[in-house]
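Worksheet for the structure shown next.
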Amino acid sequence: LASARLNGRLTWVVFGCRPEPVEGVRVDYRGRVFGQELAKLYCECHICLVPSWFESFPLPQLEAMACGTAVVSTPSGAEDYLFPGKNALSAPPGDPAAISGAIVRLAQSRELCRSLVESGLRTAPLFAWDKSVKQLEMVFAAGVAARGENKFERLMAELTVPGRAGRN
């Protein structure tokens, strides 16, 4: 739909599973892509489309944001970091008209695209692994503190760890 509305000016760059051919749509299929090659691919694209029906905590949107690529996505699983109209455009799963409408909006508005990219670049670092681990540790510590005792410290004191000084 989006390709037709933009007079065929779109090329779909796809990685992962091979898509079914769609008449009138140019597809550049890249197969399985990882690491630096994936980051380069995100950087080369103008829009990252993630039309998932269900995800638990999808990373492609954050990866694209970190690479300065505008995102069009369904909200499935990305509710913690995907803010429609602020750092991405969102459409309901299974609604090709809404998805293509979001793509067309981005393709026709450099200002909207720039705004989403800038906001995405600010969003992505908030979900870096080291920050996520620290937040999880704080949640665990708060849970332990709420019980009035530090079971973790007591457990560590009781453990016998071979080769550890002071423990037999």
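The values are calculated or read from the model by the stated rules, or taken from the named source; none is laboratory data. None of the values given here were measured: they were computed from a predicted structure. Methodologically, a virtual Cβ is constructed for each residue, glycine included, from the backbone with ideal geometry; neighbour enumeration extends over all protein chains shown. Quick note on the areas: whole protein, heavy atoms, side chains included, nothing else; ligands and nucleic acids left out. Shrake-Rupley method; radii C 1.70, N 1.55, O 1.52, S 1.80 Å.
Observations
- Leading residue by the ranking (most open to solvent (accessible area, probe 1.4 Å)) among those in region 71-104 that are small (Gly, Ala, Ser) and not in a loop (DSSP other than H, G, I, E, B): Ala97
- The set of residues from region 53-70 being open to solvent by 20 Å² or more (accessible area, probe 1.4 Å) and not in a helix (DSSP H, G or I) comprises Trp53, Phe54, Glu55, Ser56, Phe57, Leu59, Cys67, Gly68.
- Flag if Leu49 is closer than 14 Å to Thr123 by Cα, surrounded by 20 or more Cβ atoms within 10 Å (Cβ to Cβ) and under 13 Å from the mean Cα position of the chain (by Cα): no
- Any hit, region 61-71, residues being under 21 Å from Ala124 (Cβ atoms) and free of Cβ contacts under 8 Å to residues at least 12 places away in the same chain: no
- Check on Val139, closer than 15 Å to His46 by Cα and part of a helix (DSSP H, G or I): no
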